Amino acid sequence: MNISRIAVVGAGFMGSGIAESAAAAGVDVTVYEPEQPPLERSRVRLKQSVARAVSRGKVSQEDAESLIGRIAYSSQIDDLLGVDAVIEAVTEDPRLKGTLFAQFDEQLPDAQFLASNTSSIPIAELAAWTQRPERVIGLHFFSPVPVMKLVEVVVGLDTAETTVVAAETFASEIGKQPIRTKDRSGFIVNMLLVPYLMAAVRMYEEGFATREDIDEGMRLGCGHPMGPLTLCDFIGLDVLYAICGSLYEEFKRPEYAPTPLLKRMVVSGHHGRKAGKGFYEY
């Protein structure tokens with residue numbers, strides 16, 4: 001493997017999952033956050049996830065301990081010096097992400113690629129913050145990362161082919177299936193998924209059917225592993241709202257527009273499974 005050590009920037013649910021997947025494949029990982037509390041939560045989340053894998057017989061106790069040992073946690077950016085690549089997984093805030101990319105571009109000149117896990121922000125917009133946009137690429141993982149095999153490799157306007165190959169090779173070597181997509185809002189999966197989810201939300205909002213019947217209809221009638229409203233809660237309604245907004249801004253098509261109900265749920269803090277309340281209570 002050409003990439004033996006990576007930095008994961010952002011210790012939330014996605015960042016923690018990316019770190020776990022890379023470490024499980026033998027890659028050394030440094031998880032970076034400027035504050036300690038998110039790092040501690042990530043450390044606990046990792047131990048719980050690995051313990052579940054051990055209890056289900058998916059990994060041995062020895063391998064689990066090795067995996068955990070390959071992940072370091074730091075609030076000091078200097079601890080990222082020498083990494084082979086960076087994967088950013090912070091909040092969907094273009095300025096926050098852009099500032100980080102500018103910083104990493106300057107301080108990590110030897111990294112093979114600077115990747116974002118963004119689900120809605122153009123890669124070209126992030127690359128514009130750097131002096132070497134050819135190194136910037138999207139690596140969009142899916143939740144939960146240790147389980148989901150897909151990674152969308154998002155090629156920006158100035159992304160070099162060598163960067164694309166390095167990113168695709170890395171994704172394959174940590175057990176993921178990369179698929180290549182152009183840099184436009186929604187990429188492949190969300191561009192197809194969001195109209196379906198918004199149709200379900202509108203159906204529920206208009207009282208056409210109950211949430212349970214909508215979900216059971218798609219689960220039992222179409223063989224989906226979960227219904228659309230359950231999936232909305234799983235994604236996070238705040239994240240989904242941001243994706244809808246980005247898609248609608250770019251294409252101005254009504255099927256991408258977030259519904260009034262979704263907006264009100266988000267501002268009320270009903271963000272889905274992670275908040276304990278969304279279309280369902282958890």
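The values are calculated or read from the model by the stated rules, or taken from the named source; none is laboratory data. Owing to the predicted nature of the structure, the values given are computational and were not obtained by experimental measurement. Every residue, glycine as well, gets a Cβ built from its backbone with ideal geometry; the counts of neighbours run over all protein chains shown. Keep in mind that these areas ignore ligands, DNA and RNA; they rest on the heavy atoms of the full protein, side chains included. Shrake-Rupley method; radii C 1.70, N 1.55, O 1.52, S 1.80 Å.
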Please list, ordered by first then second residue, the pairs with beta carbon atoms under 6 Å, 6 or more apart or interchain, first in the stretch 248-277 and of a type in the set (D, E, K, R), second open to solvent by 50 Å² or more (accessible area, probe 1.4 Å) and in a loop (DSSP other than H, G, I, E, B).
-> 273/282; 277/270
Taking the stretch 60-86 only, how many residues are part of a loop (DSSP other than H, G, I, E, B) and open to solvent by 40 Å² or more (accessible area, probe 1.4 Å)?
-> 5
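Look at residue 179 and say whether it is open to solvent by 10 Å² or more (accessible area, probe 1.4 Å) and either in contact with a Ser or Thr (Cβ under 9 Å, 6 or more places away or on another chain) or of a type outside the set (A, V, I, L, M, F, W, C) (or both).
On the way: open to solvent by 10 Å² or more (accessible area, probe 1.4 Å): yes; either in contact with a Ser or Thr (Cβ under 9 Å, 6 or more places away or on another chain) or of a type outside the set (A, V, I, L, M, F, W, C) (or both): no.
Considered against the rule, which asks whether it is open to solvent by 10 Å² or more (accessible area, probe 1.4 Å) and either in contact with a Ser or Thr (Cβ under 9 Å, 6 or more places away or on another chain) or of a type outside the set (A, V, I, L, M, F, W, C) (or both), residue 179 comes out as no.
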Within the stretch 207-246, which residues are over 30 Å from residue 183 (Cα atoms) and in contact with a Leu (Cβ under 8 Å, 6 or more places away or on another chain)?
-> 211, 214, 215
Would you check if there is a residue in the stretch 64-77 being in contact with a helix residue (DSSP H, G or I) (Cβ under 6 Å, 6 or more places away or on another chain) and at pLDDT below 95?
-> yes
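Answer yes or no: is there a residue in the stretch 262-272 that is under 25 Å from residue 151 (Cα atoms), open to solvent by 60 Å² or more (accessible area, probe 1.4 Å) and under 18 Å from the mean Cα position of the chain (by Cα). Reasoning before the result, please.
Taking the stretch 262-272 and keeping what is under 25 Å from residue 151 (Cα atoms), we get 271-272.
Retained after the next criterion (residues that are open to solvent by 60 Å² or more (accessible area, probe 1.4 Å)): none.
No: the stretch 262-272 contains no residue that is under 25 Å from residue 151 (Cα atoms), open to solvent by 60 Å² or more (accessible area, probe 1.4 Å) and under 18 Å from the mean Cα position of the chain (by Cα).
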Meets criteria (assigned to a loop (DSSP other than H, G, I, E, B), under 30 Å from residue 167 (Cα atoms) and touching a residue at least 40 places away in the same chain (Cβ under 8 Å)) for residue 245 | no
Where in the stretch 91-158 are the strands (runs of 3 or more DSSP E), entirely inside, with at least 1 residues that are under 21 Å from residue 247 (Cα atoms) and small (Gly, Ala, Ser)?
-> 113-116, 136-141
How many of the residues in the stretch 186-203 are farther than 18 Å from residue 143 by Cα, in contact (Cβ under 8 Å) with a residue 40 or more places away in the chain and surrounded by fewer than 21 Cβ atoms within 10 Å (Cβ to Cβ)?
-> 3
Tell me, which residue of the stretch 15-28 that is buried (at least 24 other Cβ atoms within 10 Å of the Cβ) and in contact with an Asp or Glu (Cβ under 9 Å, 6 or more places away or on another chain) is nearest to residue 141 (Cα to Cα)?
-> 15
Is at least one residue of the stretch 16-30 over 23 Å from residue 169 (Cα atoms) and either part of a loop (DSSP other than H, G, I, E, B) or within 19 Å of the chain's Cα centre (by Cα) (or both)?
-> no
Could you look through the stretch 1-14, keep only residues that are of a type in the set (Gly, Ala, Ser) and surrounded by 16 or more Cβ atoms within 10 Å (Cβ to Cβ), and pick out the one that is nearest to residue 111 (Cα to Cα)?
-> 7
Somewhere in the stretch 89-102, is a residue surrounded by fewer than 19 Cβ atoms within 10 Å (Cβ to Cβ), closer than 28 Å to residue 237 by Cα and of a type in the set (Gly, Ala, Ser)?
-> yes
